[in-house]
């Protein structure tokens, strides 16, 4: 589904929070949205792989990677896994790698930057918890909408039909 965050801001100004514009698009699509599922980890993508191995239909994985720019939490293999399991998108407060390959995968990806260094994969971290970055607090089951203009968060799904 295509979203227009500018129109959503106009229509639902009292119901939404707007993320600070700190992200770059890396995936094959720029407009995506869905129910939030959260992961908090630091320079380790093992838990991310576990979560992305589950069905993501109608969901966006929001990762608090502590803002690290030292290693890529997402790579082509993990993003392919996400696409296979029908995730709508991934928002990463951290870095990605293999950006040329990511652009070919039909999924939305927002991240801080890219770097060629891989993250570890020991599985440390937490999931389904409240996380905070980009000026907002994400709760599991919130709803997020992104496009080329920006990203917005709502506690409830927005009635955009």
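Numbers for the structure displayed
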{"read-out": "Selection count where residues are within 11 Å of the chain's Cα centre (by Cα) and closer than 15 Å to residue 94 by Cα, scope region 28-47", "value": "2"}
{"read-out": "Residues within region 50-77 that are in contact with a helix residue (DSSP H, G or I) (Cβ under 6 Å, 6 or more places away or on another chain) and farther than 22 Å from residue 147 by Cα, tallied", "value": "0"}
{"read-out": "Residue among 101, 82, 155, 119 that is over 15 Å from the mean Cα position of the chain (by Cα), at pLDDT 95 or above and surrounded by 20 or more Cβ atoms within 10 Å (Cβ to Cβ)", "value": "119"}
{"read-out": "Subset of region 1-17 [surrounded by fewer than 17 Cβ atoms within 10 Å (Cβ to Cβ) and closer than 14 Å to residue 150 by Cβ]", "value": "4, 6, 7, 9, 10, 12, 13, 17"}
{"read-out": "Residue in region 38-56 that is within 21 Å of residue 21 (Cβ to Cβ) and either assigned to a strand (DSSP E or B) or out of contact with any strand residue (DSSP E or B) (no Cβ under 9 Å at 6 or more places or on another chain) (or both) present", "value": "yes"}
{"read-out": "Some residue of region 18-35 being surrounded by 21 or more Cβ atoms within 10 Å (Cβ to Cβ) and more than 22 Å from residue 128 (Cα to Cα)", "value": "yes"}
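The values are calculated or read from the model by the stated rules, or taken from the named source; none is laboratory data. Quick caveat, the model's predicted, so the values are computed rather than measured. When we count neighbours, we look across all protein chains shown, and the Cβ atoms used for this are built from the backbone with ideal geometry, even at glycine.
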